[in-house]
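First the structure, in the form of structure tokens, and then the observations on it.
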Amino acid sequence: MEIIILPTDLDVAGKAADAIEEQVRSGPTNLGLATGLTPLATYQELIERHRTGGLSFANTKAFLLDEYVGLPATHPQSYHSVIRREFTGRVDFRADAVHGLKGTAADLAAEAERYENVLEASGGVDIQILGIGTDGHVGFNEPMSSLASRTRIKTLTQGTRQDNARFFEDGEAVPDHVLTQGLGTILSARHLLLLAVGESKAEAVAAAVEGPVAAVCPASALQLHPHVTVIIDEAAASLLNHREYYLDTFTRKPAWQGL
Ligand code: PGA
């Protein structure tokens, strides 16, 4: 696990965009996308590089991590809509190249299985963007999610529902249930980029990076993956015990090594 601590949230977005750009420019890419506030600055940066730097997503397929149960794709807060509005609809993805879960499927277990099959048939995700919840969730794998879980239905914690209430209109309820890639699904991606900014994430980041691998902090499962890059700002890094070591390692990183 490489931990990169940068001064600001914009630096985090720039570094994440560098990793994604390098992957996308290397050839056809399966890109795993996350929603939430954290990756928005990265998407902005990628949109900018598309507009001014010739970065093209025409050979890239996108795969979403999760979706609210019960929200039709047309609902403004469905992750289907959010990702199109914030990123994929503003660059040159092909319309049929963006894959996600259908939150209104009549048979949710069958929908989860369908998505696992889509991911497998695609050859798997090359680079996966991840945020982290204040409770340590990745995707919507809440505490006590099986570390081996695959795509399935989950019940959101009340804390996550409160965290996400800011995205919904006044009085509109955040759904109780979601479909989410499992931790085992996420760990199948070849490169994981975990992004976090702000003090509110410091505790979850410390538990994920320096705590034991434990289902109580689902993001700690990333310690089992051979290629994880954690990119965080100083505020999100503020509770790490080995901060100096991470800074020193990054400063002295061999130039040839890449992310
Ligand atoms: P956020 O959410 O980026 O909106 O903070 C992260 C998450 O819940 O995974």
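Filtering the stretch 189-203 to residues that are among the charged types (D, E, K, R) and near the ligand (Cβ under 8 Å from one of its atoms) leaves only 201.
Among the residues of the stretch 117-133, is there at least one that is over 16 Å from the mean Cα position of the chain (by Cα), over 16 Å from residue 30 (Cβ atoms), at pLDDT 95 or above and more than 16 Å from the ligand (Cβ to nearest atom)? No. The single residue among 48, 21, 67 that is of a type in the set (Asp, Glu) and under 24 Å from residue 101 (Cα atoms) turns out to be 67. Within the stretch 221-259, being touching a strand residue (DSSP E or B) at 6+ places or on another chain (Cβ under 6 Å), of a type in the set (Ser, Thr, Tyr) and either within 26 Å of residue 182 (Cα to Cα) or assigned to a loop (DSSP other than H, G, I, E, B) (or both) holds for one residue alone: 229. Only one of the listed residues (176, 233) is more than 14 Å from the chain's Cα centre (by Cα) and surrounded by fewer than 16 Cβ atoms within 10 Å (Cβ to Cβ). That residue is 176.
Looking at the structure I just gave you, is residue 48 more than 13 Å from the ligand (Cβ to nearest atom), acidic (Asp, Glu), outside any helix (DSSP H, G or I) and farther than 30 Å from residue 245 by Cα? Here the answer is no, as residue 48 does not meet what is asked. Remark: residue 150 matches the filter, which requires a residue to be closer than 22 Å to residue 222 by Cβ and more than 10 Å from the ligand (Cβ to nearest atom).
Take the conditions modelled with pLDDT of 95 or more and more than 19 Å from residue 12 (Cβ to Cβ) and apply them to residue 236. Does it pass? Don't jump to the end; show me each part of the working.
Working: modelled with pLDDT of 95 or more: yes; more than 19 Å from residue 12 (Cβ to Cβ): no.
Criteria not met by residue 236.
In the stretch 240-259, of all residues being surrounded by 17 or more Cβ atoms within 10 Å (Cβ to Cβ) and touching a helix residue (DSSP H, G or I) at 6+ places or on another chain (Cβ under 8 Å), the one that is modelled with the lowest pLDDT corresponds to 259.
Here residue 165 meets each of (1) out of contact with any strand residue (DSSP E or B) (no Cβ under 9 Å at 6 or more places or on another chain); (2) away from the ligand (no atom under 13 Å from the Cβ); (3) small (Gly, Ala, Ser) with one exception, condition (2). Checking each residue in the stretch 1-17 for being assigned to a helix (DSSP H, G or I) and either surrounded by fewer than 16 Cβ atoms within 10 Å (Cβ to Cβ) or not charged (D, E, K, R) (or both) picks out 10, 12, 13, 14, 16, 17. Is it the case, given these coordinates, that residue 6 is aliphatic (A, V, I, L, M) and within 16 Å of the ligand (Cβ to nearest atom)? So residue 6 does not fit the description; no. Residues of the stretch 19-30 that are among the acidic types (Asp, Glu) and crowded, with 16+ Cβ neighbours inside 10 Å: 21 alone.
Could you say which residue among 33, 65 is hydrophobic (A, V, I, L, M, F, W, C), closer than 26 Å to residue 211 by Cβ, buried (at least 19 other Cβ atoms within 10 Å of the Cβ) and at pLDDT 95 or above? Exactly one residue qualifies, and that residue is 65.
Which members of the stretch 20-40 meet the condition of being aliphatic (A, V, I, L, M) and farther than 18 Å from residue 93 by Cβ? Correct list: 37 only. Within the stretch 153-162, restricting attention to residues that are surrounded by fewer than 19 Cβ atoms within 10 Å (Cβ to Cβ), of a type outside the set (Lys, Arg) and within 13 Å of the ligand (Cβ to nearest atom), the residue that is modelled with the highest pLDDT is 157. Search the stretch 173-190 for residues that are at pLDDT below 95 and pair each with any residue that is not hydrophobic (A, V, I, L, M, F, W, C) when their beta-carbon atoms are under 7 Å apart and the residues are at least 6 apart or on different chains. Pairs that qualify, where the first residue is at pLDDT below 95 and the partner is not hydrophobic (A, V, I, L, M, F, W, C), are 174/161; 174/164.
The values are calculated or read from the model by the stated rules, or taken from the named source; none is laboratory data. Since this is a predicted model, take the numbers as computed values, not measurements. We place every Cβ from the backbone using ideal geometry, glycine too, and count neighbours over all the protein chains shown.
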